[in-house]
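> Here it is, the structure, as structure tokens.
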Amino acid sequence: MNSPLEILLIDDNPADLELLRETLVDQGRVLCVRCVLDGQAALAQLRDTSKGAAIRRPDLIVLDLNLPKKDGGAVLAEIKSDPQLRSIPVVIFTTSQAPNDIEHSYMLGANCFVTKPGNLHDFRAVVNRLEEFWLDVARLPRQGMP
């Protein structure tokens, strides 16, 4: 693969975004990590074709449910209903542990649901496991293409 994997992080908490980005980048992989603070901006970026190759389609999306302007459930529903975006794996990474949120996320097409741990050590450990699974074990759509 010639270009780095693109990961889009969508979360309204700048501290969580920075910790996610830092943990992903610290693993020494060749990654391009982009961050967006609200659901509306995330969808605009995903659908923006005016910049051509400048903004590539992400290979993986990490999405919080609690977002301003457009909540994560609505963002997920739009991604999974768009033929151009639906094949992008979406990991829900949120503080919620509510059974309704988990069920609803999977019904909307989430590829997995992970609750954010409350402490730094566990947060990093979970992000490392997510990275290992999604980037080493799972085959992402772009990786299967010639």
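> Give me a count of the residues in the stretch 80-95 that are buried (at least 20 other Cβ atoms within 10 Å of the Cβ) and out of contact with any strand residue (DSSP E or B) (no Cβ under 6 Å at 6 or more places or on another chain).
1
> Step by step: first the residues of the stretch 72-95, then only those that are charged (D, E, K, R) and part of a helix (DSSP H, G or I), then the one that is nearest to residue 141 (Cα to Cα). Which residue is that?
Residue satisfying both the conditions and the ranking: 80.
> In this structure, does residue 62 turn out to be crowded, with 19+ Cβ neighbours inside 10 Å and either among the polar types (S, T, N, Q) or not in a helix (DSSP H, G or I) (or both)?
Criteria met by residue 62.
> Looking at this structure, is residue 121 over 19 Å from residue 7 (Cα atoms) and either surrounded by 13 or more Cβ atoms within 10 Å (Cβ to Cβ) or in contact (Cβ under 8 Å) with a residue 12 or more places away in the chain (or both)?
Taking the combined requirement at face value, the residue does not satisfy it.
> Okay, moving on. So which residues in the stretch 96-118 are among the aliphatic types (A, V, I, L, M), without any contact (Cβ under 8 Å) to a residue 12 or more places away in the chain and either in a loop (DSSP other than H, G, I, E, B) or out of contact with any Ser or Thr (no Cβ under 9 Å at 6 or more places or on another chain) (or both), if there are any at all?
Result: 98, 107.
Where a number appears in this text, it was derived from the coordinates with a stated rule and is not lab data. Owing to the predicted nature of the structure, the values given are computational and were not obtained by experimental measurement. Glycine also receives a Cβ, built like all others from the backbone with ideal geometry; neighbour counts cover every protein chain displayed.
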